[in-house]
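Below: the structure, in structure tokens.
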Amino acid sequence: MKLKMPSKLSNKESRISDDFVELNKQKIKNKLNSSAYIILPIVVVLGILIYLVSPLSKINQIKILGNGYVPVNEIKNDLGLSSGDSVFKIIGHKKRINENVSKKDHRIKNIDFHFNGFNNLSIKVTPYREIGYETKGKKQYLILENGNVTNIVVKKPKDDKMPYIVKFNDRSKLREMIQKYLKLPKDIRDNVRVISFSPTKVYTDELHVYMRDGNRIIILMSDFNKKMGFYRSIATQLKTKSVINLEVGAYSYPISDQKTETKKSTTKTTLKVNKETKKANTKRNQ
């Protein structure tokens, strides 16, 4: 019996030793966990600080796409961005930049920003569609598809491609006119040189439309699309550059006779124009 005592003591000491080792492991694990809570935030902060002072946090290259008719240099000036600026000048501020640029340049509809890699910036610019020109004094301003008139003077108007739309002081009427103009067949739309809002006491929505082929049309805005569709057939019946009145019915007279118009000549042309108009109506209905 006495010989077995050392064995029991040995087992007890072994269990105590194992418990001690396990306790030390747990203490070490707890210390590591506690250290991680301290070290990890420090590492993250250091990483951010290193990134902020590194070239990766600076815009390396700026590429402007899809700007259409708006010069790239003007867009860059409006954006106020250049290589070397912080990427955080854009991140989180895209909406504000869009609003600021739109206020500076009414031609800009929207701007999208995209980073290629870490710091190569691509900017896609979507401008409003150009419609025509408005004249203020001796200066021309661009009219846009949304009915707004730009705040930038056009130095070289492309008036061989787009019309002047003038005297529309009521912006709601200008927007309405733009929509009507855009619905015209392309060949007729391209032939329009000037659309002038010229109301009278009798007709409050009278328009004077000057065509590039030399003819002039007097028409009501309310009938614009319906009656302008007949222009091709009417124009082919004219022997000289004429004033075509489409307010009520349809008749024409030579521009050279505008001040000395006679009832006889007017009646003669009226019959020919009305006859052709009926043909156009019949053809359209078919």
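Quick look at the values:
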{"read-out": "Segment 102-128, residues that are assigned to a helix (DSSP H, G or I) and either basic (Lys, Arg) or in contact (Cβ under 8 Å) with a residue 24 or more places away in the chain (or both)", "value": "103, 104"}
{"read-out": "Candidates 188, 195, filtered to the one that is surrounded by 14 or more Cβ atoms within 10 Å (Cβ to Cβ), within 19 Å of residue 149 (Cα to Cα), in the same structural domain as residue 142 (by TED's automatic domain parsing) and not charged (D, E, K, R)", "value": "195"}
{"read-out": "Selection within segment 209-228 - more than 21 Å from residue 239 (Cα to Cα) and either surrounded by fewer than 16 Cβ atoms within 10 Å (Cβ to Cβ) or out of contact with any Asp or Glu (no Cβ under 7 Å at 6 or more places or on another chain) (or both)", "value": "222, 223, 224, 225, 226"}
{"read-out": "Subset tally (residues that are outside any strand (DSSP E or B) and touching a residue at least 40 places away in the same chain (Cβ under 8 Å)) for segment 63-82", "value": "8"}
{"read-out": "Single match in 181, 231, 253 (criterion: crowded, with 16+ Cβ neighbours inside 10 Å, modelled with pLDDT of 90 or more, over 22 Å from residue 145 (Cα atoms) and under 39 Å from the mean Cα position of the chain (by Cα))", "value": "231"}
{"read-out": "Qualifying positions in segment 223-235 - free of Cβ contacts under 8 Å to residues at least 40 places away in the same chain and either basic (Lys, Arg) or within 21 Å of residue 143 (Cβ to Cβ) (or both)", "value": "226, 227"}
{"read-out": "Index of the failed condition, residue 122 passing every other in (1) assigned by TED's automatic domain parsing to the domain that holds residue 158; (2) of a type in the set (S, T, N, Q); (3) touching a Lys or Arg at 6+ places or on another chain (Cβ under 7 Å)", "value": "(1)"}
{"read-out": "Residue that is nearest to residue 60 (Cα to Cα), among those in segment 83-101 that are β-branched (Val, Ile, Thr) and not in a loop (DSSP other than H, G, I, E, B)", "value": "87"}
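The values are calculated or read from the model by the stated rules, or taken from the named source; none is laboratory data. Keep in mind that what you see is a predicted model, and the values were worked out from it rather than measured. Heads up, the Cβs are rebuilt from the backbone with ideal geometry, glycines too, and the neighbour counts pull from every protein chain shown.
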